[in-house]
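Everything below concerns the one structure shown next.
The values are calculated or read from the model by the stated rules, or taken from the named source; none is laboratory data. Because the structure is a prediction, the values reported are computed rather than measured. Neighbour counts are summed over all protein chains in view; Cβ atoms, including those assigned to glycine, are modelled from backbone coordinates with ideal geometry. Note: areas computed on protein heavy atoms with side chains; ligands, DNA, RNA excluded. Shrake-Rupley method; radii C 1.70, N 1.55, O 1.52, S 1.80 Å.
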Amino acid sequence: MAVIEKKSRQYWQELDKSHHLHPFTNHKELHEQGARIITRADGVYIYDADGKKMLDGMSGLWCVNVGYGRQELVDAATQQMQELPYYNSFFQCSHPPAIELAAMLKEVSQPQFNRVFFSGSGSESNDTIVRMVRTYWDLLGQPERHTIISRENAYHGSTVAAASLGGMKAMHKQSGLPIPGIVHVDQPHWFASDRKQSPAEFGLEAARSIEAKIRELGPDKIAAFIGEPVQGAGGVVVPPDSYWPEVQRICDEYGILLISDEVITGFGRVGEWFGADTFGTRPDFMPFAKGVTSGYLPLGGVLISDRVADVLIEKGGEFFHGYTYSGHPVACAVAIANLKLIQRDELITRVRDDIGPYLQQKWQALSEHPLVGETRMVGLMGALEIVTDKDTLERFDEKQGVGTICRDHLIANGLCLRAVGDTIVCAPPLVLSHAEADELVEITWKALDLTQQGLSE
Ligand SMILES: *Cc1c(COP(=O)(O)O)cnc(C)c1O
């Protein structure tokens with residue numbers, strides 16, 4: 001390790017350019033600028049190859065919920081590696097870490113959930129769901145009922161089925177997606193609308209675009225609806241309060257399955273164990289990943305309601321699906337340690353009652369800044385919208401790349417946040433202290449100032 005650490009940033013950047021193709025990266029820009037090389041982390045801070053310290057306001061990629069450097073997680077992995085580093089759960093095999101984790105997940109989720117299917121990631125979890133949903137309706141003698149409704153600008157992962165469930169146009173364009181049987185309706189993004197309606201009216205109308213789609217295609221064709229409780233990668237889109245109750249009503253009325261994609265919102269991010277708890281829905285499926293291990297090892301899975309699991313078990317025969325690393329013992333051992341840590345340190349009530357409200361209040365004060373048109377935050381998941389005019393909420397020309405300019409100022413000043421167009425998003429670790437929350441908001445204000453200065457030069 002020490003030897004590796006001593007190499008320079010330039011060394012890593014050159015080697016990286018030569019041999020490493022990155023996910024979600026413009027390779028031409030990468031080659032011009034070089035990658036940001038992160039070499040170590042502790043608490044809520046990451047350090048780059050120059051030794052520069054930055055507050056990680058994104059928890060890696062929305063996943064390091066308990067922060068970096070947690071010895072409990074390292075110990076759990078070490079111990080499990082020594083005892084049983086790998087075994088599979090195919091063909092009637094199982095092992096204690098997967099079993100114990102499945103039972104723990106049942107304990108922290110809503111009562112309709114008694115079973116878990118494990119995968120290695122959020123994308124794999126959503127691929128699993130596409131197959132399970134369709135198999136469920138086949139087993140009930142309704143093979144026509146295969147269409148899944150999703151939303152514009154949703155993110156459900158990057159494999160072929162998961163990217164099809166997602167509603168990112170740029171992703172669809174690159175490989176002939178979506179696959180058949182997946183359709184998209186409006187997202188509940190009030191700020192991005194013409195704002196002629198109140199948020200409450202707008203939320204109802206967005207939910208009713210699902211109902212309109214069901215009627216258009218025929219209720220006997222619709223298998224399920226999938227949504228992130230709060231759209232993450234799409235720019236932390238917090239739906240109006242009216243939205244989710246109406247979605248639940250529609251799913252109930254037409255008997256379609258509700259999939260709550262909890263890959264970001266699970267494990268405390270929005271102040272309850274799952275986003276479904278925060279927003280009051282009763283889903284049939286909850287895909288999860290990211291925060292289940294706080295990102296220390298790759299693991300994903302799907303919580304499956306009794307309504308579906310009972311049919312699969314009683315009528316299904318063999319389900320021809322699974323991953324070599326489904327329920328990987330070391331990943332499961334880390335997840336167990338992670339969940340215990342979340343429980344012991346009461347991180348979920350901390351987000352709901354303490355650091356959540358604290359950061360929300362500070363974050364909201366950023367809406368006083370001349371460049372900011374709106375701020376929003378639920379739990380520890382927030383966004384702010386950069387605009388040219390606070391009164392009309394008019395956007396900058398996309399080509400100016402103002403969001404990216406602001407993001408670069410943030411990073412230069414020691415804070416990692418992400419730009420989605422001209423939306424700056426934030427999702428810090430759940431262990432963020434009050435002082436660190438102050439730091440996060442101060443640097444954000446400063447970066448907005450620097451962005452504004454740059455624009456008037
Ligand atoms: C990240 C994410 C996924 C995909 O998870 P991977 O582990 O990257 O495959 C799926 N759904 C949501 C909501 C996500 O944010």
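Tell me which residues, restricted to region 105-115, are within 21 Å of the chain's Cα centre (by Cα) and within 17 Å of I336 (Cβ to Cβ). Explain how you work it out, then say what you get.
So the first thing to find is which residues in region 105-115 are within 21 Å of the chain's Cα centre (by Cα), and the list is 105-106, 108-110, 113.
Passing the criteria: L105, K106, V108, S109.
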Some residue of region 357-371 being open to solvent by less than 10 Å² (accessible area, probe 1.4 Å) and small (G, A, S): no
Residues of region 248-291 classified as within 19 Å of E211 (Cα to Cα), of a type outside the set (S, T, N, Q) and within 16 Å of the ligand (Cβ to nearest atom), total: 3
Yes/no for V441 being of a type in the set (V, I, T), surrounded by 15 or more Cβ atoms within 10 Å (Cβ to Cβ) and part of a helix (DSSP H, G or I): yes
From S123, S158, S109, residue being surrounded by 19 or more Cβ atoms within 10 Å (Cβ to Cβ) and under 22 Å from F24 (Cβ atoms): S123
Checklist (1) touching a residue at least 40 places away in the same chain (Cβ under 8 Å); (2) open to solvent by 20 Å² or more (accessible area, probe 1.4 Å); (3) more than 21 Å from G280 (Cα to Cα) applied to W190, failing item: (3)
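Table: residues versus (1) open to solvent by 60 Å² or more (accessible area, probe 1.4 Å); (2) in a strand (DSSP E or B); (3) closer than 22 Å to N126 by Cα; (4) within 16 Å of the ligand (Cβ to nearest atom).
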residue: Y296; (1), (2), (3), (4): yes, no, yes, yes
residue: L303; (1), (2), (3), (4): no, yes, yes, yes
residue: S326; (1), (2), (3), (4): no, no, yes, yes
residue: A335; (1), (2), (3), (4): no, no, yes, yes
residue: T349; (1), (2), (3), (4): no, no, no, no
Matching residues in region 221-245 - criterion: being touching a Lys or Arg at 6+ places or on another chain (Cβ under 7 Å) and away from the ligand (no atom under 16 Å from the Cβ): K221, I222, A223
So R134, is it touching a Pro at 6+ places or on another chain (Cβ under 9 Å) and either within 16 Å of the ligand (Cβ to nearest atom) or aromatic (F, W, Y) (or both): no
Test for E314: is it over 22 Å from the mean Cα position of the chain (by Cα), farther than 23 Å from D75 by Cβ, surrounded by fewer than 23 Cβ atoms within 10 Å (Cβ to Cβ) and at pLDDT below 95: no
